[in-house]
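Okay, so here's the structure we're looking at.
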Amino acid sequence: MVGAGGIGCELLKNLVLSHVGEIHIVDLDSITLSNLNRQFLFRQKDIDKSKSLTVAEAVEAFNYLNVKLVPHHGNIMDSDLFPVSWWSEFSYVFNALDNLEARRYVNQICLYLKKPLMESGTTGYDGQVQPIYPYVSECFDCQPKATPKSFPVCTIRSTPSQPVHCITWAKEFLFAQIFDETSTNDQSEADRANQRRKLESETEDKAEIENMLRENDEFNELRNIVKSKTSTKDSNFFEVLVNKIFSTDIERLLRIDSLWKSRRKPTPLRIESYTKALKELSAERSAKDIVVDETRVWSVLENLFVLQAASSALHERLASSESFISFDKDDDDTLNFVVASANIRAFIFGIELKSKFDIKQIAGNIIPAIATTNAIIAGFSCLAYLNYFNQITSSDSFHKAFSSSSTIFTSIRPNKYITSAALIEPSKKCPSCSHARGILRFSPEDLNNMTLEGLIQLIRDHYGFDDDISVILGKSKLIYDYDLEDNLQKKLTEINGFKAGETLLIQDESDALENLELYIDTNTSGKTLFPTLKLKEKQMDNDGENKDEDMPEQGEVISLDDDEVVELDEPVETRKRGKESLDGSSKKAKL
Amino acid sequence: MSFDKKLKYDRQLRLWANTGQTSLEGSHICLVNATAVGSEILKNLILPGIGEYTIIDDKRVTEEDIFGNFFLDEDDLGNSISSSLAKQLNELNTDVKGYAVSTELSELLRGPAEFWDKFNTIVITNQVASHDLDALLDLLWERRIPVFLVRTAGFYGTLQLFAKEVNVVETHDPAMFHDLRIINPWNELQEYSDSMDIDTLDDEMHAHIPYVIILIKTLEKWKKENGGKIPLEYSKRSEFKRLVESMSRNLEMEDNFKEAAKATHRALQFSQFPPLINDLFQKVDSQEISMDSNVPIFWIYVKALKQFVEKYNELPLPGSLPDMTSTSFAYVTLTKLYGEKARDDERKFKDEVIHVLKASGNSEADVNHNSIHSFCKNIHFLYATTGSRKLYNNSMISAIMKESNSLECSTLFIYFTVMCYFSFADSLQSFPNPGDLEKFKAFFRNMFSLPSSKPLPEGLIKIFKEVIAHSSQSYHNISSFMGGVTSQEILKVSTAQYTPLDNLYVFDGVHSISEKWKI
């Protein structure tokens, strides 16, 4: 079980009560207060303890079926901690993870080892389980996943139109430029040129580019003020900051006519009109309560007050002990700074202001989570696993389980409470499971003495590559192709990064055979073993598009051009399991 | 709310906000029978911080109870099951108070009915004697306390909500909709629109007229050309849309006219009354609702709304304004206009609420500004339904007995089988064994008064066999799943947000299928 969080706690309980023989639990996280509303195996006293060790201990107290529990505190992607020999011991893998990268990694491992994998996830009231039987059903990578939204630099820097643009500006740009480590102080010419090239790739507006570069230089001045060790009391940091970002910079933007041809113009903030009220507000005792009022949208004056307080607190921290401050949603000074500056910018651009509560969610990438959805999803996960174990004695267990398992979605919408869909076959275009892969076990002797040339010859012999091949080590390091022969005489261990736990991607340059991916492992007792694989002929790209590709995701809302919003029902082809039935009385809808 | 609480509940506050959390913390849930599924339900309610819970069960912990229930262990054997369970569950969240009542249900039912009034929701799980179930349902139906009946048998689960009526204001309807009053702009909006002479604007300003104004002006033009008629039918609306586009100087360059065209259908459609409002108006004046001091606040609001509509011939304006291409000045002016009108309407609506409260013998002190505000904001998204006190009806029986549908209605088969399974155990003091199939068939016929001449559908008998073969009410994954679903529904009722089950839910864990039925 990878992940001992919301789904993990529920799932572990279900597995223990289903009398599984042995369960290994992996998690690298520690327990925090906001976990306690759903992760029922943790208590207040467990805060800051390791999740994996704590769940195992908590379950041990109830473990009257004597299930063997083995917790591991560590990163599942660490191949030293969790080598392939460790993975091979399991008969089933459960993903109860919260991030894409680790999900992808476990999916890959399960493909190499042909292990059944249960993928699961929840967001608020929505959840999903997907059983994966490698090469028989779709793997995690068969359906492209939505990547986090990113915005063009120009939208963030010059022409925001939504609250999220202002929040991104405040957090990624303003805050990072002034307080964080990453922004460079004295920029070299090369850096500047680099920046310019990046901006030029996004906009052709010369004036806009010049303006952005100039703004950057000025931020260095601000940074110098906060960095200087002068007493914060005498500092004019807040005044300089506010004047620059809410007045000077906006006026300068306004002078670039091309930006406002078809956009709403911003109105620079007249700081002087707030000075008196701000002073009065600061004198009031109740003013400090504003920051605690997280769900109310603050007025512009209140936002200015919060910005002033946060700026001075951050300045103080830099002047005394810290050398830089990174944004952290749980660090209230940083959050207040971002909330207030984002809101004032929003006001200037005529964009809706947001509460601190809402901005925290956006800036901190917070995903809502509750016990109920996790319980439902863990219940499904465990059910589908039992289904697989019904077939395990069969020689053809993956195919049998394939036809009797479902992908399941849950949601809060009354007509879509539970949707189950038959599994579908792997996508022919899947970047992960559409080509051959296997584990290459080196004897220690070969790993130390074999040259790359020797290895390439063996690969040719084993898999029947006629023509030239290229070899990529890890994610993107090309170590051999017909133009790159420098490494041929090197021993494998002399090639930087060549070690157990890495992968090799072998591509046929003549496009006759499919790609081959080999996972490097060691075989301490014996000789080097190549995986037995029969490479297929390469599928040409133009042999017809994969039909599934344009099919919308389940429940996706498509907006037609006349704004009639149409909610799609389940795509018919893949939703075989759902069925119609007649009604007892009058009304009926499928959940 | 304290800082720690805010942080602890942060991830759920993002779903139901402080208002939902406050309702949740003010709720007292009662669980009848300390079963595995009951423990799961309570766990899922205690973690998010339900106010109080009470477990009613007079039985002692047996070996069988421990199997499938995570919150009981060997040390509890022979002890009171309700106390043992409450002890473990209380550890989950120190904010929650839990109580155990080790008294037989039938004895409680003989006692004072006021005992039940402290509960906001009652959950009955698995087996209860038929006459006790009937007595309890009757009692709670009259007292307007919602009851959930949840049962698990083998790989099947059923859940039913018994509630006289369910009304929700904060439905969280995902429809992106704004009431813009294009058809009937109020005076200030009309005046603002009139103050703009769009033909004399230069090109840049013309490209920044907010689309609300474009639509109002286009409609005036349309009415002039069409004898004062408003384009309501789909085809007319499409024609109207083309008129909007034709008013642009250059549609390629003018985003505001594109937005106006895009918003046409919805802006015209939603200027009308939602049909549910008319239904509610009829109901509030009927015999069904007695406007006395016990009437739910929802009906006070409906009555007040009716009086509001009679006086002003429109609904209170929710006041939200979508983002649109505009000059900052025009957009800020519009935001102000909509905001002021919404506040004004809310004030007038509150006056009507006070009026209705007084007329129905309630105190003016009951006025809650937040809930009035929320009602006005959600006026287009209200939800109301009436429930059923019955466990089943005749049309459901005839549906399962239809010969042609042996496969089509398996979840109804499941529902009736599970109901019968628990009745069987109640009557014969033990659950059926695999050898009891014929006995079970006979019991089923008798229970639902089916003539012996008509054969039971094959699909139904398959379900009988499945349930009898397992003869377990606590497979843990089914308990976990049904516990999740049930607690989710209780959360909706407790937070008074989102739309709850209406009113029967059946889960087939063999095929991972579920269906919803309305009795």
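The values are calculated or read from the model by the stated rules, or taken from the named source; none is laboratory data. Computed from a prediction, not measured in an experiment: that's the story for all the values here. Methodologically, a virtual Cβ is constructed for each residue, glycine included, from the backbone with ideal geometry; neighbour enumeration extends over all protein chains shown. Surface areas here come from the heavy atoms of the whole protein model, side chains and all, with no ligands, DNA or RNA. Shrake-Rupley method; radii C 1.70, N 1.55, O 1.52, S 1.80 Å.
With respect to the numbered conditions (1) in contact (Cβ under 8 Å) with a residue 24 or more places away in the chain; (2) more than 30 Å from B:Pro112 (Cβ to Cβ); (3) among the β-branched types (Val, Ile, Thr), which one is the sole condition not fulfilled by B:Thr200?
With respect to (1) in contact (Cβ under 8 Å) with a residue 24 or more places away in the chain; (2) more than 30 Å from B:Pro112 (Cβ to Cβ); (3) among the β-branched types (Val, Ile, Thr), B:Thr200 is out only on (1).
Checking the structure you have, find out if any residue of segment B:196-206 is within 14 Å of another protein chain (Cβ to nearest Cβ) and open to solvent by less than 70 Å² (accessible area, probe 1.4 Å).
yes
Determine, yes or no, whether A:Ser282 is without any contact (Cβ under 8 Å) to a residue 40 or more places away in the chain, of a type in the set (Gly, Ala, Ser), under 23 Å from B:Leu334 (Cα atoms) and assigned by TED's automatic domain parsing to the domain that holds A:Cys166.
Numbers: without any contact (Cβ under 8 Å) to a residue 40 or more places away in the chain: yes; of a type in the set (Gly, Ala, Ser): yes; under 23 Å from B:Leu334 (Cα atoms): no; assigned by TED's automatic domain parsing to the domain that holds A:Cys166: yes.
So A:Ser282 does not fit the description; no.
Table: residues versus (1) modelled with pLDDT of 90 or more; (2) within 34 Å of the chain's Cα centre (by Cα); (3) within 25 Å of B:Ser388 (Cβ to Cβ); (4) surrounded by fewer than 22 Cβ atoms within 10 Å (Cβ to Cβ).
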residue: B:Asn446; (1), (2), (3), (4): yes, no, yes, yes
residue: B:Leu450; (1), (2), (3), (4): yes, no, yes, yes
residue: B:Ser479; (1), (2), (3), (4): yes, yes, no, no
residue: B:Ser487; (1), (2), (3), (4): yes, yes, yes, no
residue: B:Pro500; (1), (2), (3), (4): yes, yes, yes, no
residue: B:Val506; (1), (2), (3), (4): yes, yes, yes, no
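Taking the options B:Asp4, B:Asp95, B:Asp75, name whichever one is outside any helix (DSSP H, G or I) and either open to solvent by 50 Å² or more (accessible area, probe 1.4 Å) or facing chain A (nearest Cβ under 9 Å) (or both).
Numbers: B:Asp4 fails: outside any helix (DSSP H, G or I); B:Asp75 fails: outside any helix (DSSP H, G or I).
Going through B:Asp4, B:Asp95, B:Asp75 in turn, the sole match is B:Asp95.
Considering only segment B:158-267, give the helices (runs of 4 or more DSSP H) lying wholly within it that have at least 2 residues that are among the β-branched types (Val, Ile, Thr) and outside the structural domain of B:Tyr301 (by TED's automatic domain parsing). Don't jump to the end; show me each part of the working.
Details: elements: B:187-194, B:203-206, B:211-225, B:234-246.
It comes to B:211-225.
Go through (1) of a type outside the set (Ser, Thr, Tyr); (2) open to solvent by 10 Å² or more (accessible area, probe 1.4 Å); (3) over 30 Å from A:Ile250 (Cβ atoms); (4) in contact (Cβ under 8 Å) with a residue 12 or more places away in the chain for A:Ile377 and report which single condition fails.
Among (1) of a type outside the set (Ser, Thr, Tyr); (2) open to solvent by 10 Å² or more (accessible area, probe 1.4 Å); (3) over 30 Å from A:Ile250 (Cβ atoms); (4) in contact (Cβ under 8 Å) with a residue 12 or more places away in the chain, A:Ile377 violates only (2).
Looking at segment B:412-421, can you tell me whether even one residue there is touching a Lys or Arg at 6+ places or on another chain (Cβ under 7 Å), away from chain A (no Cβ under 14 Å), under 30 Å from B:Ala135 (Cβ atoms) and surrounded by 18 or more Cβ atoms within 10 Å (Cβ to Cβ)?
Initially, segment B:412-421 is screened for residues touching a Lys or Arg at 6+ places or on another chain (Cβ under 7 Å), giving B:418.
Those left that are additionally away from chain A (no Cβ under 14 Å): B:418.
From what's left, under 30 Å from B:Ala135 (Cβ atoms): B:418.
Checking which are surrounded by 18 or more Cβ atoms within 10 Å (Cβ to Cβ) leaves us with B:418.
Within segment B:412-421, one or more residues are touching a Lys or Arg at 6+ places or on another chain (Cβ under 7 Å), away from chain A (no Cβ under 14 Å), under 30 Å from B:Ala135 (Cβ atoms) and surrounded by 18 or more Cβ atoms within 10 Å (Cβ to Cβ).
Using the structure shown, decide if B:Glu458 is within 14 Å of chain A (Cβ to nearest Cβ), modelled with pLDDT under 90, loosely packed, with under 13 Cβ neighbours inside 10 Å and over 19 Å from B:Tyr505 (Cα atoms). Talk me through it step by step, then tell me what you get.
Numbers: within 14 Å of chain A (Cβ to nearest Cβ): no; modelled with pLDDT under 90: yes; loosely packed, with under 13 Cβ neighbours inside 10 Å: yes; over 19 Å from B:Tyr505 (Cα atoms): yes.
In short, no.
Any chance segment A:340-348 includes a residue that's of a type in the set (Val, Ile, Thr) and open to solvent by 10 Å² or more (accessible area, probe 1.4 Å)? First the steps, then the outcome.
Going through segment A:340-348, the residues of a type in the set (Val, Ile, Thr) turn out to be A:344, A:348.
This time we only want the ones that are open to solvent by 10 Å² or more (accessible area, probe 1.4 Å), so: none.
Scanning segment A:340-348, I find no residue that is of a type in the set (Val, Ile, Thr) and open to solvent by 10 Å² or more (accessible area, probe 1.4 Å), so the answer is no.
For segment A:24-35, enumerate the residues that are open to solvent by less than 10 Å² (accessible area, probe 1.4 Å) and either touching a residue at least 40 places away in the same chain (Cβ under 8 Å) or not assigned by TED's automatic domain parsing to the domain that holds A:Thr373 (or both).
A:Ile25, A:Val26, listed by residue number.
Filter segment A:319-372 down to residues that are in contact with a Cys (Cβ under 8 Å, 6 or more places away or on another chain) and within 14 Å of chain B (Cβ to nearest Cβ), then give me how many there are.
Total meeting the criteria: 4.
In segment B:119-145, what count of residues is obtained for those that are open to solvent by less than 20 Å² (accessible area, probe 1.4 Å) and touching a residue at least 40 places away in the same chain (Cβ under 8 Å)?
10
Filter segment A:51-71 for residues that are farther than 12 Å from A:Cys9 by Cα, open to solvent by less than 20 Å² (accessible area, probe 1.4 Å) and either facing chain B (nearest Cβ under 10 Å) or under 25 Å from the mean Cα position of the chain (by Cα) (or both) and give the result.
A:Asn63
Would you mind stating whether B:Asn18 is at pLDDT 95 or above and either within 11 Å of chain A (Cβ to nearest Cβ) or assigned to a helix (DSSP H, G or I) (or both)? So that I can check it myself, show each step before the final result.
Numbers: at pLDDT 95 or above: no; either within 11 Å of chain A (Cβ to nearest Cβ) or assigned to a helix (DSSP H, G or I) (or both): yes.
In short, no.
Within segment A:270-292, which residues are part of a helix (DSSP H, G or I), among the hydrophobic types (A, V, I, L, M, F, W, C) and more than 13 Å from chain B (Cβ to nearest Cβ)? Outline the logic, then answer.
Within segment A:270-292, the first condition is being part of a helix (DSSP H, G or I), and the residues that meet it are A:272-283, A:285-292.
With among the hydrophobic types (A, V, I, L, M, F, W, C) added as a condition, the list becomes A:277-278, A:281, A:283, A:287, A:290-292.
Residues satisfying the conditions are A:Ala277, A:Leu278, A:Leu281, A:Ala283, A:Ala287, A:Ile290.
Looking only at residues in segment A:72-88 that are touching a residue at least 60 places away in the same chain (Cβ under 8 Å) and not hydroxyl-bearing (Ser, Thr, Tyr), which one is nearest to A:Arg437 (Cα to Cα)?
Initially, segment A:72-88 is screened for residues touching a residue at least 60 places away in the same chain (Cβ under 8 Å), giving A:76, A:79-80, A:83-85.
Now drop any that are not not hydroxyl-bearing (Ser, Thr, Tyr), which leaves A:76, A:80, A:83-84.
Details: A:Ile76: 21, A:Asp80: 21, A:Pro83: 17, A:Val84: 14 Å.
Across segment A:72-88, the extreme among qualifying residues is A:Val84.
State which residue is farthest from B:Ser512 (Cα to Cα) when the search covers only segment A:123-132 and only residues that are in contact with a strand residue (DSSP E or B) (Cβ under 8 Å, 6 or more places away or on another chain) and either surrounded by fewer than 23 Cβ atoms within 10 Å (Cβ to Cβ) or hydroxyl-bearing (Ser, Thr, Tyr) (or both). It would help to see each step written out before you state the result.
At the first step, the residues of segment A:123-132 found to be in contact with a strand residue (DSSP E or B) (Cβ under 8 Å, 6 or more places away or on another chain) are A:125-132.
Narrowing further to those that are either surrounded by fewer than 23 Cβ atoms within 10 Å (Cβ to Cβ) or hydroxyl-bearing (Ser, Thr, Tyr) (or both): A:125-126, A:128.
Details: A:Tyr125: 18, A:Asp126: 17, A:Gln128: 13 Å.
So the residue we want is A:Tyr125.
Which one of these is part of a loop (DSSP other than H, G, I, E, B), closer than 23 Å to B:Leu13 by Cα, touching a residue at least 60 places away in the same chain (Cβ under 8 Å) and in contact with a helix residue (DSSP H, G or I) (Cβ under 9 Å, 6 or more places away or on another chain): A:Thr267, A:Thr295? It would help to see each step written out before you state the result.
Numbers: A:Thr267 fails: closer than 23 Å to B:Leu13 by Cα.
Matching residue, one of A:Thr267, A:Thr295: A:Thr295.
Please count how many residues of segment B:49-72 are among the β-branched types (Val, Ile, Thr), farther than 29 Å from B:Arg11 by Cα and in a loop (DSSP other than H, G, I, E, B).
Looking only at segment B:49-72, we keep the residues that are among the β-branched types (Val, Ile, Thr), and these are B:50, B:54-56, B:61-62, B:66.
Retained after the next criterion (residues that are farther than 29 Å from B:Arg11 by Cα): B:56, B:61-62, B:66.
The next check asks that each one be in a loop (DSSP other than H, G, I, E, B); those that pass are B:61-62.
Residues meeting the conditions: 2.
Taking only pairs six or more apart or across chains, which ones have beta-carbon atoms under 8 Å, a first residue in segment B:331-354 that is within 14 Å of chain A (Cβ to nearest Cβ), and a second residue that is surrounded by 15 or more Cβ atoms within 10 Å (Cβ to Cβ) and among the aromatic types (Phe, Trp, Tyr)?
B:Thr333/B:Tyr192; B:Leu334/B:Tyr192
Scan segment A:453-470 for residues that are over 15 Å from A:Lys491 (Cα atoms) and touching a residue at least 24 places away in the same chain (Cβ under 8 Å) and jot them down. Even if it seems obvious, please write down each step before you answer.
The first filter runs over segment A:453-470 and keeps only residues over 15 Å from A:Lys491 (Cα atoms), leaving A:459-470.
Residues satisfying the conditions are A:Ile459, A:His462, A:Tyr463, A:Gly464, A:Phe465, A:Asp466, A:Asp467, A:Asp468, A:Ile469, A:Ser470.
Yes/no per residue for (1) touching a strand residue (DSSP E or B) at 6+ places or on another chain (Cβ under 7 Å); (2) more than 14 Å from chain A (Cβ to nearest Cβ); (3) over 30 Å from B:Leu357 (Cα atoms):
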position: B:Gly228; (1), (2), (3): no, yes, yes
position: B:Leu232; (1), (2), (3): no, yes, yes
position: B:Arg237; (1), (2), (3): no, no, yes
position: B:Arg242; (1), (2), (3): no, no, yes
position: B:Met253; (1), (2), (3): no, no, yes
position: B:Asn278; (1), (2), (3): no, yes, no
position: B:Asn294; (1), (2), (3): no, yes, no
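Does A:Ala384 count as touching a strand residue (DSSP E or B) at 6+ places or on another chain (Cβ under 9 Å), part of a helix (DSSP H, G or I), at pLDDT below 95 and within 12 Å of chain B (Cβ to nearest Cβ)?
Details: touching a strand residue (DSSP E or B) at 6+ places or on another chain (Cβ under 9 Å): yes; part of a helix (DSSP H, G or I): yes; at pLDDT below 95: yes; within 12 Å of chain B (Cβ to nearest Cβ): yes.
So A:Ala384 fits the description; yes.
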